[in-house]
Every structure is written in C-alpha cells, then in structure tokens.
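Quick note: the coordinates plus some simple rules give every number you see, no bench work behind them. In this text, all values refer to a predicted model and were calculated from it rather than measured experimentally. Cβ: placed from backbone, ideal geometry, glycine included. Neighbour counts: every protein chain shown.
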Amino acid sequence: MLTITTIPTTAFAQNTRILADLNAKSALICDPGADIPDFDEYLQAHALTLKAIILTHGHLDHVGGSSSLAARHQVPIIGPASGDQQLLERLDLQAQAFGLPKAPPFSPQWVTPGQVLELLPGTQFQVIAAPGHTPGGICWYIPSAQLLLCGDTLFAGSVGRTDFPGGSFADLEATIRQRLYRLPEATRLLCGHGPDSTIGQEKRYNAFVRAED
Ligand SMILES: [Zn+2]
C-alpha cells in the first residue's frame, strides 16, 4: 500500500509528494521544488530507500531540488516528456522570472505517453500526456491506488496557468476533457498546489473546465 506524504516547498508552496511503500521500504519523490532537509529526515525516520525522483513538468518550483537529491541518493530523475527540454535547459531564466533560487540544468529520463513503469515493487505508474500548462507536461496515474499526480494541470476548482512560454489553454482543456475526465471518478487528484480533489468533483464543479454533457 502506498503512503503519501505532502511537503510544501519553495515560496509557491508547491506540493512535493513522497510516495512510500512502507513494507518494501522504498520511496519516490514527486516534484521536489527544492532540496530541503525534511525529505531525508522522512526517509530516515521510516528507513526508506529512495528509488527515483519523478517529475510532472519542467517548472522550477517543481524541479529545483532534483539534481542535488538525485546525486546524493544516486537515483534517476524520470519525466516529464521531452517537450519540456527547453524549460529544464534554462532553469536560470526561470529563476529570474519566478524569483526563486537558481538550480543547475539537468536532463532527466524523458517519458512517453502511454508508458507504464513499475517504480515501486508491484505498483505501476502510467504516463498520461498533459500538454497545456507546459508542452511536455505529464500526469502520473497509479491505477492500483486510484491516484493521479496531476502537477499544475488541474487543481481543486481551478486549472493551471497557460500564459507561460509554451502554454496553451486549448491544449490544457483537451488534456483535461479527453484524458483526465475519462479516468474513474473516485481517482484522487494530488495537485501541484493547494488541496487534493477527485476527478468526479472537478467534472462537476471545476470553474474552468467542466465535463461535457
Ligand atoms: Zn507549473
């Protein structure tokens, strides 16, 4: 069974998630916006081995801690899709634009939509293409746990901004309607900022993208 722990990072209170299999003593970190001591403290307190860092998209507040965490734990950085390559190559520009601390550029293991990876023992992670907020954004879907790590694509009652370079509201709307809203309604949304939600909740009440009748 997966245990989810949320640790907000950066000035934007980005929801970094530690996904842990406490029996297998294995963990992943999704979207480490910064490398803060809380992560290692949590891993040590539960005797967990970090297996990988997974990313939803290339914005600095989601990826800024990736390089140093990956180097210290000797783990791969997996995702997003290659459409976010420019964002990851120019983290210095993002630091200026967002007013966040600088992070070195890095190249992750790019993923492709539809890919299924067993990132924790017996737990499959499906890659869902989620262009709109960024070109190479993805969501990580974990069917066995009914969870979706949806980054900044969909929020409780809202959606991600599309006014950044490479953003497109038309793409975002298509992502949400054609892919996310087709997932089971009970699927819990682990959003990049703010509270969690569910697919069913957003289909009915989202202020920007409702399910089509
Ligand atoms: Zn973002």
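Only bridges whose two residues both fall in the range 58-213 count here: according to DSSP, what percent of them are antiparallel, nearest 5? Could the numbers behind the result be given before it?
On the way: 15 of 20 bridges.
Counting only bridges with both partners in the range 58-213, antiparallel ones make up about 75 percent.
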Taking neighbour counts of Cβ atoms within 10 Å as a proxy for exposure, in what order, fewest first, do 35, 196, 84 appear?
-> 196, 35, 84
Full extension from residue 36 to residue 163: what is 0.36 nm times the residue separation minus their Cα-Cα distance, to one decimal in nm?
-> 42.8 nm
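Sum up the charges of everything whose Cβ sits under 13 Å from the Cβ of residue 199, counting Lys and Arg as +1 and Asp and Glu as -1, but leave residue 199 out. Numbers along the way, then the final one.
Values: positive: 177, 179, 182, 188, 203, 204, 210; negative: 185, 196, 202.
Around residue 199, the charge tally is +4.
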Between residue 173 and residue 116, the FRET efficiency computed from the C-beta separation at R0 = 25 Å comes out, to the nearest 0.05, as 0.45
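Please compute the length gained on full extension between residue 2 and residue 124, using 0.36 nm multiplied by the number of residues separating them and subtracting their Cα-Cα distance.
Working: separation 122, 0.36 × 122 = 43.92 nm, distance 1.15 nm.
Between residue 2 and residue 124, full extension yields 42.8 nm more.
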Across all directions of projection, what mean area in square nanometres is found for the Cα convex hull of the range 153-207?
-> 3.6 nm²
Scaled by the rule-of-thumb 2.2 N^0.38 Å, the alpha carbon Rg for the range 60-181 gives a ratio of 1.07
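May I ask for the net charge around residue 183, where only other residues with Cβ less than 11 Å from the Cβ of residue 183 are counted and Lys, Arg are +1 while Asp, Glu are -1? Write out the running numbers ahead of the final one.
Working: positive: 179, 182, 188, 203; negative: 185, 202.
That works out to +2.
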Given the options 57, 193, 73, state which has the largest fluctuation in a GNM of the chain using a 10 Å cut-off (strictly under) for Cα springs.
-> 73
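Fewest Cβ neighbours within 10 Å first, please rank 150, 191, 139 accordingly. Working shown, then result.
Numbers: 150 32, 191 22, 139 27.
Starting with the residue having the fewest Cβ neighbours, the order is 191, 139, 150.
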How far apart, in nm, are the 7 Å Cα→Cβ label points at residue 44 and residue 210?
-> 5.2 nm
With the Cα gyration tensor of the chain giving a ≥ b ≥ c as the square roots of its eigenvalues, does the rule (a/c under 1.5 for rounded; else a/b larger than b/c for prolate; else oblate) give rounded, prolate or oblate?
-> oblate
Exposure proxy check: 77, 29 ranked by fewest other beta carbons within 10 Å?
-> 77, 29
